[in-house]
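Peer 1: Okay, here's the structure, questions in a sec.
The values are calculated or read from the model by the stated rules, or taken from the named source; none is laboratory data. No experiment lies behind these values; they were computed from the predicted model shown. Note that each Cβ is placed from the backbone with ideal geometry, even for glycine, and that neighbours are counted across all protein chains shown. Each accessible area value is taken on the protein alone, full model and side chains, heavy atoms only, with ligands, DNA and RNA left out. Shrake-Rupley method; radii C 1.70, N 1.55, O 1.52, S 1.80 Å.
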Amino acid sequence: MKGNFHLVFDHCFKMFWFNLFLQYSDVVLALKRGDLRLLRHALQEHEDRFLRSGVYLVLEKLELQVYQRLVKKIYIMQKQKDPNKAHQIKLDVIVKALKWLEIDMDLDEVECIMSILIYRNLMKGYFAHKSKVVVLSKQDPFPKLNGKPVNS
């Protein structure tokens, strides 16, 4: 009898972790990839569970980190192509990346998001409004959080 309880408990424990993994795996993957579409899909798909467990609003705030990761990926690609201009990212490039992810945003919306990323210290740099370019710091343009709270 004691062995059966252990097997049932073990099975339930594994199922619990497997279900938890299924709920959060797309969120984690979206963060790693900078995939806004995947994050939004995961939040929508598991919305009821996330709301019941009280984490939905916290997970929704991860959207800024996903934008940061997307911009970082663009930066890395530009650095491979032209290292001298990698720190200058045209808004058009970000708009095209978002369109590829099936996210429809205009230049003004992207400019606003880039400004928020800079304000919240998720990116170091400034925005050249006239030329529609985000100019990133040449040293450490994407600071690590290191457990420190980001400005809200």
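Peer 1: Could you give the length gained on full extension between residue 92 and residue 41, defined as 0.36 nm per residue of separation minus the Cα-Cα distance, in nm?
Peer 2: Working it through step by step, the gained length comes to 15.9 nm.
Peer 1: Something else about it: Determine the gain in length on full extension of the stretch residue 64-residue 29; use 0.36 nm per residue of separation and subtract their C-alpha separation, reporting nm with one decimal.
Peer 2: 11.1 nm
Peer 1: I would also like to ask the following. As a test of the definition: which semi-axes, in Å, follow for the range 100-142 when you take the square root of five times each eigenvalue of its alpha carbon gyration tensor? Largest first, please.
Peer 2: 19, 13, 10
Peer 1: Suppose we take every Cα in the range 50-124 and form the convex hull; what volume per residue is that in Å³?
Peer 2: Taking only Cα atoms, the range 50-124 has a hull volume of 103 Å³ per residue.
Peer 1: Quick one: order 118, 76, 89 from most to least accessible surface, probe 1.4 Å.
Peer 2: 76, 118, 89
Peer 1: Also, quick follow-up: Step through the table entries 32/85; 96/130; 61/81; 32/73; 32/79, compare each Cα-Cα distance with 21 Å, and write down the pairs that go over it.
Peer 2: 32/85; 61/81
Peer 1: Treat each spin label as a single point 7 Å out from the Cα along the C-beta direction, and report the residue 99 to residue 79 distance in nm.
Peer 2: Going by the 7 Å Cα→Cβ label model, 2.7 nm.
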